[in-house]
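Single-structure report; data block below.
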Amino acid sequence: MASASSQRPLEIVQVSDTHLSQSHAWFTANWPVFLDEMRAQTPDLIVNSGDLSFNGPDNPEDLSFARAAHDALPAPWRAVAGNHDVGEAPGASRLNQQVDDRRLAAWRTHVGPSWWVHDLERDSLGLRLIGLDTALMGSGHPDEARQAAFVEAVLADRAGRPVLVFLHLPPFTADPEDRAITTQCLMFDRRRWLLNCCRTGGVLAIAAGHIHRHSVAEWDGMAVVTAPATSFVNVPDGPVSAMRPLRTGYLLWSYDGINLRHSVIRPRLFLSTDASNWTEADRTTTTLPPRPLAAALF
């Protein structure tokens, strides 16, 4: 039998922040391109790291449309919920869309479970993937404790498999010790709990989204990576060089039995739509007016 390092690696595509909607189709241009990319690439699994929908908390139809768009993918797929899918934890809420039973039920009806485990195995290769809902972390909702117990259980019974964890909010931005309340990352106490679980649970990397740019950090030898969005960017004032990490794209993760690596894929036909003209005044894209989809998307 060939050694693990000489086999074709396991490949996982991470797409993020797609913000799909049929009624508010502002950010759909790159999805057909992504479908073509996946038909050519045929990864073992595709994972959306949250914000599948434009405004799922108030419009479950967006979740339904996003589900249909993902069902057109040519490979198996999973997803974790983002703040634009199920809302936010009450202690760090920006859009007045707090996570609740109704929003969680809509996600589970239209998309799938709030947390999950998925074992990828081929020949001698094995990798455990875990998907979690960051809106529950720090929410006080009863499902927060259920998800926490799930995390501890699936890390404990991984049977030696290395682990890749998918979230929407990254655990931290610049400083893991920053205790400030922010909507950009997990709140401090939940961050410390999760990182400590991952440190002792065989986690090689945490893969997140939310901030619409590619970033790489490290915590205690574990990679913490955010994916670029496929939907839009918000370009800050600054040098042109600062814009490069903001361009749209997706990530390709590969595991060869020894190393877990990722690369940034920025297809030539991906457009990098800058939504700053709107968000500088309105703070969020969810207040954009209707823009019905003019043609079939998939």
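Within the listed set Arg268, Arg192, Arg158, the residue fluctuating most in the Gaussian network model of the chain (springs between alpha-carbon atoms under 10 angstrom) is Arg268. Quick note on region 26-168: its Rg to Rh ratio, both from C-alpha atoms and Rh being the Kirkwood radius, is 0.99.
In the full protein context, the chain carries 42 Å² of accessible surface per residue, based on a 1.4 Å probe and ignoring ligands, DNA and RNA.
In the chain, helical runs assigned H by DSSP with n ≥ 4 each contribute -39500 (n - 2.57); averaged across all residues and rounded to the nearest 500, the mean residue ellipticity at 222 nm is -7000 deg cm²/dmol. Remark: spin-label model distance Val235-Glu218 equals 3.3 nm, labels positioned 7 Å along the Cα→Cβ axis. Taking the protein heavy atoms of the chain in the context of the full set of protein chains, the accessible area attributed to carbon and sulfur is 51 percent at 1.4 Å. For region 121-127, the Karplus equation 6.51 cos²θ - 1.76 cosθ + 1.60, evaluated at θ = phi - 60°, returns couplings of 9, 8, 6, 8, 8, x, 9 Hz by residue, with Gly and Pro reported as x. When you count the other C-beta atoms within 10 angstrom of each residue and take the mean per peptide, 9-19, 29-39 line up highest first as 9-19, 29-39. As a rough guide to protection, the peptides 67-73, 52-58 ranked by mean Cβ packing within 10 Å, highest first, stand as 52-58, 67-73. Taking mean projected area of the Cα convex hull in nm² as calculated from this structure, the corresponding entry among [x] 24.9; [y] 22.4; [z] 15.2 is [z].
When region 51-92 is described by a simple charge dipole with +1 on each Lys and Arg Cβ and -1 on each Asp and Glu Cβ, the residue from Ala75, Ser53, Val86 located farthest towards its positive end is Ala75.
For the ranges 213-219, 284-290, what's the packing order if you count other beta-carbon atoms within 10 Å of each residue, average per peptide, and put the highest first?
Per-residue Cβ counts within 10 Å, averaged per peptide and sorted highest first, yield 213-219, 284-290.
When the charge dipole of region 127-214 is built from unit charges on Cβ atoms (+1 for Lys and Arg, -1 for Asp and Glu) and taken about the Cα centre, the candidate among Ala180, Gly138, His212 whose Cα reaches farthest toward its positive end is His212. Sequence-ordered 3J(HN,Hα) estimates for region 140-150 from the Karplus curve with 6.51, -1.76 and 1.60 and θ = phi - 60° stand at x, 5, x, 6, 4, 5, 5, 5, 4, 5, 4 Hz, glycine and proline given as x. Remark: region 6-66 carries a charge dipole of roughly 220 debye about the Cα centre, counting +1 on each Lys and Arg Cβ and -1 on each Asp and Glu Cβ.
Over every Cα atom in region 55-127, the radius of gyration and the widest Cα-Cα span, Dmax, amount to 14.7, 48 Å. Couplings 3J(HN,Hα) of region 217-229, computed from phi: 9, 9, 9, 6, x, 9, 6, 10, 10, 10, 8, x, 7 Hz, in residue order, whole Hz [Karplus 6.51 cos²θ - 1.76 cosθ + 1.60, θ = phi - 60°; x for Gly and Pro]. The mean sequence distance of close C-alpha pairs (under 8 Å, at least 6 residues apart), as a share of the length of the chain, puts its relative contact order at 22 percent.
Counted by Cβ distance under 14 Å from Ala89, the other residues give a net charge of -3, where Lys and Arg count +1 and Asp and Glu count -1.
For Gly82, the amide hydrogen comes within under 5 Å of the amide hydrogens of Asp51, Leu52, counting only partners 5 or more places away or on other chains and with H modelled in the peptide plane. Principal semi-axes of the equivalent ellipsoid, √(5λ) from the alpha carbon gyration tensor of region 198-298, are 30, 17, 14 Å from largest down.
The values are calculated or read from the model by the stated rules, or taken from the named source; none is laboratory data. Source: prediction; values computed, not measured. With ideal geometry, Cβ positions are generated from the backbone for all residues, glycine too; neighbour counts draw on all protein chains shown. The area values use the complete protein model at the heavy-atom level, side chains included, leaving out ligands, DNA and RNA. Shrake-Rupley method; radii C 1.70, N 1.55, O 1.52, S 1.80 Å.
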